[in-house]
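Trainee: There's a structure below that I have some questions on.
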Amino acid sequence: MALPEVDKRPRTIAFDPHRRARSPDLGARIAALSAFLAAKVREITGRARRRTHDEQTGFDLAVEALACNLLTLSLVTGDMRLSVPRDASRLFGKGSGNRVYGRHFRALLDLMAHSEVALIDQVIGRHGRDGGRTTVTPLPALAAHLPLGAVQWSDFRSDPGGEVLVLKGPKLGKQSKAPILTIRDTNRVRRLRREVERLNERLLEAPVEVLPEDGRWTVDPLNRTVRRYFTEGTWMTGGRLFGGFWMNMPRADRFRLVRIRGETVVNVDYDQLFPRLAYARALSEPPPGDLYDISGDNSHRKGWKKLVNAMLFAKEPMKAWPDETAQHFPAGTKAKAVYAAVAEKHAPIAHLFWTGIGHRLMFAESNMLVRALDRLFTMGIPALPIHDAVIVAQSHGETALDVLQQTAEECTGLTAPMVKIEAG
C-alpha cells in the first residue's frame with residue numbers, strides 16, 4: 001500500500017505590512033539596521049546616488065515592518081517561516097495598499113539574503129511549488145542588530161494605513177488568479193473605504209486576546225485589520241472581508257483560544273444564505289427545511305451544498321463535476337443527474353443557475369455583514385467577521401443572532417430564521 005504523501009511545505013505566518021515598533025529602544029535599533037543596510041547597498045552595488053525623501057521613507061518603513069515581523073516569529077509555535085509577497089500585483093500598486101510595498105521591498109529581501117549580508121534565509125516561491133509563496137526566516141547574524149528571541153507582543157503596534165479595498169477583475173481563460181485592478185476614487189469608493197477603515201479602528205481597539213499554548217501562539221494576535229475584496233471588476237460583486245488572525249485559525253482553535261473581554265466565544269452565522277438570497281432575488285419564499293438537503297434524507301449534504309453554490313457562481317452549464325465534489329457522492333453518480341436534481345428541487349430559482357449570479361449574492365451577503373458589524377459595535381459588542389458570520393463573546397450570542405436576523409430581514413424581505421449560533 002502506498003504511503004500518504006507528506007506535505008513538505010513549510011508552516012508559515014503571513015507578513016503584516018502594518019507592523020511597527022512600539023518602544024523607542026526597538027525603534028532606534030531598527031533605524032540603525034536601516035542605516036547599516038543602506039551602507040551595504042552602496043558597498044555591494046557601488047551606488048552613489050542618494051535616495052529621494054520618498055524613496056528613503058519607503059525603504060525605512062519596509063525595514064521596520066520586515067524587522068518587526070521577523071522578531072515576532074519567536075513568539076509563535078513551531079519552526080514557522082514568514083511568508084512574504086514578491087509578486088508584482090502585491091508590490092507595485094494596483095491595490096498593494098501600503099508604502100511598505102514596492103520595488104524597494106523586493107530589493108530589501110534580496111539585500112538581507114545576499115551572501116555578503118546574510119541576515120535572513122530566503123526561499124523564493126515558484127509557480128506550482130510551495131503554493132508560490134516566498135518565505136524568509138532570521139539567520140544568526142541578525143541578532144547583532146535586533147533582539148531576536150527577547151521580545152513580547154507588547155513591543156509592537158499596528159499602523160493600519162494603506163488601501164483597504166481590493167478590486168479584482170474577472171478571471172481570463174484558465175488562469176488561476178483574477179487580476180487586481182487599479183482603483184479610481186469615486187463617492188462610492190470613498191464610502192466603502194471609510195466603512196472598512198472604521199471597522200479596522202474598532203477591531204484594533206476591541207478587547208480581544210488569543211491564549212498561548214506552552215508559552216507560544218499559533219497565530220499572530222496583532223493581525224486584526226481586514227480588507228474588502230470585490231470581484232468581476234465592479235463594486236457590485238463580491239465584497240467579502242479578508243484578513244485578521246481569526247479567519248485562518250482552525251475552527252476548533254477559535255473556540256479554544258480566542259477570548260473577548262475574557263469570555264469564551266460563539267460563532268453566529270447565516271444559515272444556507274446563498275440559496276436564500278437567490279430566492280429573495282426571484283421574489284419567492286424558500287421551501288421549508290434544509291435547502292441543501294436535495295435528496296430529502298440528509299445524505300451527501302456536503303456535496304449538495306457545493307453543487308448548489310457552484311451552480312449559482314458558474315456562468316455557463318458545466319458537464320463535469322466541480323472541484324472536490326464528486327467524492328461526496330457514491331461511485332458512479334453522474335454529474336448531469338445531480339445538476340438536474342438540484343434544478344428540480346429549487347425550480348423557483350432554476351433560471352438563476354449558470355448565470356454567475358453568485359458574485360452578486362456574495363455582495364448582498366457582505367453588505368448585510370458590514371451593516372450588522374456596525375450595529376454590534378455601536379451597541380458596544382465587539383465582533384470579529386468571518387465572511388458570513390461573526391465571532392462574539394458567549395454572553396452576547398443571542399443579541400448578535402437578533403441583530404444578524406433583523407439585518408437579513410431588512411435586506412431580503414424574508415422572515416424565516418436565517419441565523420444560528422454555534423459554540424465549541
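Trainee: Looking at the range 355-404, which of its residues are closer than 30 Å to residue 314 by Cβ, open to solvent by 10 Å² or more (accessible area, probe 1.4 Å) and hydroxyl-bearing (Ser, Thr, Tyr)?
Mentor: 355
Trainee: Now, a different point. In the range 143-163, which residues are part of a helix (DSSP H, G or I) and either touching a strand residue (DSSP E or B) at 6+ places or on another chain (Cβ under 6 Å) or under 25 Å from residue 98 (Cα atoms) (or both)?
Mentor: If the condition is that a residue be part of a helix (DSSP H, G or I) and either touching a strand residue (DSSP E or B) at 6+ places or on another chain (Cβ under 6 Å) or under 25 Å from residue 98 (Cα atoms) (or both), then 153, 154, 155 are the ones that fit.
Trainee: Look at residue 332 and say whether it is out of contact with any helix residue (DSSP H, G or I) (no Cβ under 8 Å at 6 or more places or on another chain), open to solvent by 40 Å² or more (accessible area, probe 1.4 Å) and within 19 Å of residue 348 (Cβ to Cβ).
Mentor: no
Trainee: While we're here: Kindly indicate whether any position in the range 264-281 is more than 30 Å from residue 198 (Cβ to Cβ) and surrounded by fewer than 16 Cβ atoms within 10 Å (Cβ to Cβ).
Mentor: Checked against the condition, which is being more than 30 Å from residue 198 (Cβ to Cβ) and surrounded by fewer than 16 Cβ atoms within 10 Å (Cβ to Cβ), the range 264-281 yields no hits at all.
Trainee: If you don't mind, another one. Can you tell me which residue among 52, 72, 57 is under 30 Å from residue 211 (Cβ atoms) and β-branched (Val, Ile, Thr)?
Mentor: Going through 52, 72, 57 in turn, just one is under 30 Å from residue 211 (Cβ atoms) and β-branched (Val, Ile, Thr): 72.
Trainee: Moving on to the next point. As an exercise: evaluate residue 31 against (1) more than 31 Å from the chain's Cα centre (by Cα); (2) modelled with pLDDT of 95 or more and give the number of the one condition it does not meet.
Mentor: Only one criterion in (1) more than 31 Å from the chain's Cα centre (by Cα); (2) modelled with pLDDT of 95 or more is unmet by residue 31, namely (1).
Trainee: Test each condition in (1) open to solvent by less than 10 Å² (accessible area, probe 1.4 Å); (2) of a type in the set (Lys, Arg); (3) without any contact (Cβ under 8 Å) to a residue 40 or more places away in the chain for residue 228 and report the one that comes out false.
Mentor: Here residue 228 clears every test but (3).
Trainee: In the range 36-59, what residues are among the small types (Gly, Ala, Ser) and over 32 Å from the mean Cα position of the chain (by Cα)?
Mentor: 38, 39, 46, 48
Trainee: Only one of these conditions is not met by residue 244: (1) open to solvent by 40 Å² or more (accessible area, probe 1.4 Å); (2) touching a helix residue (DSSP H, G or I) at 6+ places or on another chain (Cβ under 8 Å); (3) under 27 Å from residue 18 (Cα atoms). Which number is it?
Mentor: Residue 244 satisfies all of (1) open to solvent by 40 Å² or more (accessible area, probe 1.4 Å); (2) touching a helix residue (DSSP H, G or I) at 6+ places or on another chain (Cβ under 8 Å); (3) under 27 Å from residue 18 (Cα atoms) except (1).
Trainee: Looking only at residues in the range 34-87 that are polar (S, T, N, Q) and open to solvent by 20 Å² or more (accessible area, probe 1.4 Å), which one is farthest from residue 109 (Cα to Cα)?
Mentor: My answer is 77.
Trainee: Against the definition (modelled with pLDDT under 95, under 23 Å from residue 238 (Cα atoms) and among the aliphatic types (A, V, I, L, M)), how does residue 372 come out, yes or no?
Mentor: no
Trainee: Can I ask one more? Restricting attention to the range 200-223, report how many residues are farther than 17 Å from residue 248 by Cα and assigned to a loop (DSSP other than H, G, I, E, B).
Mentor: Number satisfying all stated conditions: 4.
Trainee: Okay, next question. Go over the candidates 220, 159 one by one and state the one that is open to solvent by less than 40 Å² (accessible area, probe 1.4 Å), of a type in the set (D, E, K, R) and within 16 Å of residue 66 (Cβ to Cβ).
Mentor: Residue meeting the stated conditions: 220.
Trainee: Are any of the residues in the range 311-326 in contact with a Cys (Cβ under 8 Å, 6 or more places away or on another chain), part of a helix (DSSP H, G or I) and either modelled with pLDDT under 95 or open to solvent by 20 Å² or more (accessible area, probe 1.4 Å) (or both)?
Mentor: No.
Trainee: Can you name every one of the strands (runs of 3 or more DSSP E) wholly within the range 237-304 that holds 1 or more residues which are over 30 Å from residue 163 (Cα atoms)?
Mentor: Once the strands (runs of 3 or more DSSP E) in the range 237-304 are filtered for at least 1 residues that are over 30 Å from residue 163 (Cα atoms), what remains is 265-270.
Trainee: Among the listed residues 413, 424, identify the single one that is open to solvent by 10 Å² or more (accessible area, probe 1.4 Å), small (Gly, Ala, Ser), touching a residue at least 24 places away in the same chain (Cβ under 8 Å) and within 19 Å of residue 250 (Cβ to Cβ).
Mentor: Exactly one residue qualifies, and that residue is 424.
The values are calculated or read from the model by the stated rules, or taken from the named source; none is laboratory data. What you see is a predicted model; the values in this text were computed from it and never measured. FYI the Cβ positions are ideal-geometry reconstructions off the backbone, even for glycines, and counts take in every protein chain you see. For the accessible areas, the whole protein counts, side chains as well, though only heavy atoms, and no ligand, DNA or RNA atoms are used. Shrake-Rupley method; radii C 1.70, N 1.55, O 1.52, S 1.80 Å.
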